[in-house]
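Undergrad: Okay, handing you the structure first.
The values are calculated or read from the model by the stated rules, or taken from the named source; none is laboratory data. If you're wondering where the values come from, they're calculated on a predicted model, not measured in any experiment. Counting neighbours? That spans all protein chains shown, and the Cβs are built from the backbone with ideal geometry, glycine included. Surface accessibility is based on the protein's heavy atoms, side chains included, excluding ligands, DNA and RNA. Shrake-Rupley method; radii C 1.70, N 1.55, O 1.52, S 1.80 Å.
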Amino acid sequence: MAKPKLKAHVINREWCKGCGICVHFCPKSVLELDEADKVFAARRSDCICCHLCELRCPDLAIEIETEQDG
Amino acid sequence: MAIKDYIRERFFPHIWCPGCGHGTVLNSLLRTVSQLGMSRNEIVMVSGIGCSSRISGYVDFHTLHTLHGRALAFATGVKLSRPELNLIVPMGDGDALAIGGNHFIHAARRNIDLTAIVMNNRIYGMTGGQYSPLSGHGTLATTAPYTNIDYAFDTVELATAAGASFVARSTTYHVQQLAKILKQAILHEGFSVVEVLTQCPTYFGRKNRLGSAADMMEDYKNNTTPIGSKAKKENPDLIERGVFVQKEIPEYCSEYDKIIERAMKGK
Ligand SMILES: Cc1ncc(C[n+]2csc(CCOP(=O)(O)OP(=O)(O)O)c2C)c(N)n1
Ligand code: SF4
């Protein structure tokens, strides 16, 4: 199977509470919190699409969209 | 279905504090149900009272938000009248094992086909950080300002001794394992107990100076180990994760059906 290609980090800013769990555990340090304490993909091209941020997010606020997702 | 199709979006963002592990339990559960391809109509979630119990408001299944400690009693009633439905009963550690302790052991003893999820944050979150039967010796709580002298139950040992036919433990750090265990628990026919170590950064974390939610999850990573690992032999203080019990024994509703059949024959 081909390696999944990142389309977007889909972030729901209204649901994100800035807990920092995704930022802390991202194996590639892709994510950061902005001045409003909302997550954003600071180093987007480093993302390996492991989905760990999405799986751990307590607020269902981040989703990794890949090309395969259509 | 996508996980968003299983929630009541109108109630989001949810009421849980930033970094509360209860949201991650919800996340894992939604993925499990989605992977199993279950329909919203075949699941009944029954909860009691507590931060954890608020979970039933967010899922778009059949839901019952009942009384503190009594979720298993209500769930037993639902299951006996509609045995074809899948019952999921998430509970806080106080809910499940303090006020609800008796319901818990007897549901286990009967082996009724329910999936009980004990969301163990070692504290009463909703009411402001009182110690629970899972806080453990030496911990701090609003009701134990000079440290708690009570020892904790071990949920896994308790459930096993009471007769549960599926018993497992995972954490909010180990989300892949958690989803896998939840899947097995839902598919298991009989009383399933899944203990999930879930952080309450607001009360347990702050009182016990455990740092941020992510720090508390680091502790789950560092202080737990797969069942029977070499690490456990070297360090007995590590908490084991995985499936402890999985056995096929007669399930309560099927046994009850046999009784009805016998009674109908007049014998
Ligand atoms: C019969 C009854 N007794 C006490 C309470 C008060 N009360 C509400 S939630 C709760 C404990 C919550 O702790 P836990 O079950 O561990 O869940 P958490 O909030 O930590 O998720 C208590 C004692 C109540 N609502 N009903
Ligand atoms: S008080 Fe604790 S258990 Fe309750 S929502 Fe906040 S972090 Fe979660």
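Undergrad: Go through A:GLU54, B:GLU240 and list them by solvent-accessible area, largest first, probe radius 1.4 Å.
TA: Details: A:GLU54 20, B:GLU240 40 Å².
Ranked list, largest accessible area first: B:GLU240, A:GLU54.
Undergrad: Here's another thing I want to ask about it. Give me the distance in nm between label points sitting 7 Å out from Cα along the Cα-to-Cβ direction at B:LYS247 and B:GLN35, one decimal.
TA: About 2.7 nm, to one decimal.
Undergrad: Scaled to the compact-protein estimate 2.2 N^0.38 Å, what is the alpha-carbon radius of gyration of the protein assembly as shown, rounded to two decimal places? Each step should come with its number before you reach the end.
TA: Values: Rg = 20.3 Å, N = 337, 2.2 N^0.38 = 20.1 Å.
Taking N as the residue count of the protein assembly as shown, the ratio is 1.01.
Undergrad: Let me ask something additional. Counting pairs of alpha carbon atoms under 8 Å apart in space and at least six apart in sequence, what relative contact order in percent does chain B give?
TA: Details: 564 pairs, mean separation 48.1, N = 267.
This gives 18 percent for chain B.
Undergrad: If you don't mind, there's one more thing I want to ask. Say R0 is 41 Å: what FRET efficiency, to the nearest 0.05, do B:GLU189 and A:THR66 get from their beta-carbon distance? Each step should come with its number before you reach the end.
TA: Details: r = 36 Å, r/R0 = 0.88.
The pair B:GLU189/A:THR66 has a calculated efficiency of 0.70.
Undergrad: With only alpha-carbon atoms in the gyration tensor, what are the semi-axes of the equivalent ellipsoid for region B:1-101, in Å, largest first?
TA: Working through the eigenvalues yields semi-axes of 20, 19, 10 Å.
Undergrad: Taking +1 at the Cβ of each Lys and Arg and -1 at the Cβ of each Asp and Glu, which of B:HIS174, B:LEU187, B:SER135 sits farthest along the dipole of region B:88-222 towards its positive end, judged by Cα position relative to the Cα centre?
TA: Going by the Cα projections, it comes out as B:HIS174.
Undergrad: Let me ask you something else. How shielded is A:41-54 by partner chains, expressed as the average number of their Cβ atoms within 10 Å of its Cβ atoms? Don't jump to the answer; show the numbers that get you there.
TA: Numbers: counts 0, 0, 0, 0, 0, 0, 0, 0, 0, 0, 3, 2, 0, 4.
Mean shielding count: 1.
Undergrad: Charges only on Cβ, +1 for Lys and Arg, -1 for Asp and Glu: so what's the dipole of region B:108-267 about the Cα centre, in debye to the nearest 20? Kindly include the intermediate steps, with their values, before the conclusion.
TA: Values: 19 positive and 17 negative charges, 20 e Å.
With only Lys, Arg, Asp and Glu charged at Cβ, the dipole is about 100 debye.
Undergrad: When only DSSP loop residues count, what chymotrypsin sites (Phe, Trp or Tyr not before Pro) in region B:47-155 have their Cβ near at most 10 other Cβ atoms within 10 Å?
TA: B:TYR146
Undergrad: Right, next: Determine the total buried accessible area between chain B and chain A, counting protein heavy atoms only with a 1.4 Å probe; round to the nearest 100 Å².
TA: Values: alone 12620 and 4830 Å², together 15550 Å².
About 1900 Å² of accessible surface is lost on pairing.
Undergrad: Right, next: Taking the Cα centre of region A:6-69 as the origin, how large is its charge dipole in debye, to the nearest 20, when only Lys and Arg (+1) and Asp and Glu (-1) carry charge on their Cβ atoms?
TA: In total the dipole reaches around 160 debye.
Undergrad: Placing +1 at every Lys and Arg Cβ and -1 at every Asp and Glu Cβ, with all other atoms neutral, what dipole size does the protein assembly as shown have around its Cα centre, in debye to the nearest 20? Write down the numbers at each step before the final one.
TA: On the way: 38 positive and 36 negative charges, 64 e Å.
My answer is approximately 300 debye.
Undergrad: If you keep only loop residues by DSSP, which trypsin sites (Lys or Arg not before Pro) in region B:26-125 have at most 13 other Cβ atoms within 10 Å of their Cβ? Don't skip to the answer; put the middle values down first.
TA: Numbers: sites: B:ARG31, B:ARG40, B:ARG54, B:ARG70, B:LYS79, B:ARG109, B:ARG110, B:ARG122; in loops: B:ARG70, B:ARG122.
Passing sites in region B:26-125 do not exist.
Undergrad: For region B:47-198, go through all pairs of different Cα atoms, get the mean of 1/r, take its inverse, and jot down that Kirkwood value in Å.
TA: Details: mean 1/r = 0.0649 Å⁻¹.
Final number for the Kirkwood radius of region B:47-198 is 15.4 Å.
Undergrad: Within region B:66-106, what residues put their amide N at less than 19 Å from the label point 7 Å along the Cα-to-Cβ vector of B:ILE260?
TA: Only B:74-87 pass the distance filter.
Undergrad: Can you tell me what share of the DSSP beta bridges in the protein assembly as shown is antiparallel? A percent to the nearest 5 is fine.
TA: Values: 15 of 42 bridges.
In the protein assembly as shown, approximately 35 percent of DSSP beta bridges are antiparallel ones.
Undergrad: Still on this structure: Determine the calculated [θ] at 222 nm for chain B from helices alone, applying -39500 (n - 2.57) to every DSSP H run no shorter than 4 residues and normalising by the residue count; nearest 500 deg cm²/dmol. Can you show the working numbers first?
TA: Details: 10 runs with 94 residues, N = 267.
Computed mean residue ellipticity for chain B: -10000 deg cm²/dmol.
Undergrad: Next question, about the same structure. Within the P(r) computed for chain A, what percentage of the Cα pairs occupies the region above 16 Å? Walk me through the intermediate numbers first.
TA: Values: 979 of 2415 pairs.
I get 41 percent for the Cα pairs in chain A exceeding 16 Å.
Undergrad: If every alpha-carbon in chain B counts as one equal scatterer, what log10 I(q)/I(0) does Debye give at q = 0.08, 0.09, 0.16, 0.17 1/Å?
TA: Cα-only, vacuum Debye calculation for chain B: -0.31, -0.39, -1.23, -1.39.
Undergrad: Can you pull out the trypsin sites (Lys or Arg not before Pro) in region A:31-61 whose DSSP state is coil and whose Cβ has at most 15 other Cβ atoms within 10 Å? If you can, show how the numbers build up before the last one.
TA: Details: sites: A:LYS38, A:ARG43, A:ARG44, A:ARG56; in loops: A:LYS38, A:ARG43.
Qualifying residues, ordered by number: A:ARG43.
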